[in-house]
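What follows is calculated from the coordinates using simple rules that are stated; it is not laboratory data. Predicted, not measured: the structure shown is a model, and the values here were computed from it. Here the Cβ positions follow ideal geometry from the backbone for every residue, glycine too, while neighbour counts run over all protein chains shown.
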């Protein structure tokens, strides 16, 4: 009697049917991944914009402060040599004198001729000078061979005063500020005006209204006919 050498079905491995992914399923998966990527990118962009807005607000405040110092400098027009402007010396007073003269040329496109940027000096006793707080280190792990960047309000600046279109009674005020050497530079402008001094009198004053009479004071006296007695 022939022997059935076939393996019983109970011991035969079942062949699983593999269903190929349809194009619709692939497109649906791609769409989900795209939405996730867009959401993550949007969050990162919002964080970057927030940081940039915070930095820009400090830069604007610093520029406004420096322009305010230039506009309120009492010797701006007359404290220099021979009664001229003090632009080559800078602001008066112990609190602001260390800010330096208004003679910076501004940023240079050539790194080799980059001018000197100024840090806000340490405030003198009894003086309040802003933008000198280096802040505390950021939270988080530092990078390789580096410390976390501090969070403060320090800025670097340059400033300049010059005649406005050749007018000796108007000055162009320019301020450049940045957070650090790797940060963008922002430029701000203003104008300060002054009035020309009146000419000094020369010679003796001329009599204005005739000769005064008696001991009572000067001036012409016009008789009033109606005041005569009857």
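Some notes on this structure:
- Relative exposure of 175, 185, judged by other C-beta atoms within 10 Å (fewest first): 185, 175
- Label-point separation, residue 78 to residue 170 (7 Å along Cα→Cβ), nm: 2.3
- Arranged from fewest to most other beta-carbon atoms within 10 Å of their beta carbon, 174, 78, 122 become 122, 78, 174.
- Fewest-first ranking of 65, 120, using other Cβ atoms within 10 Å as the exposure measure: 65, 120
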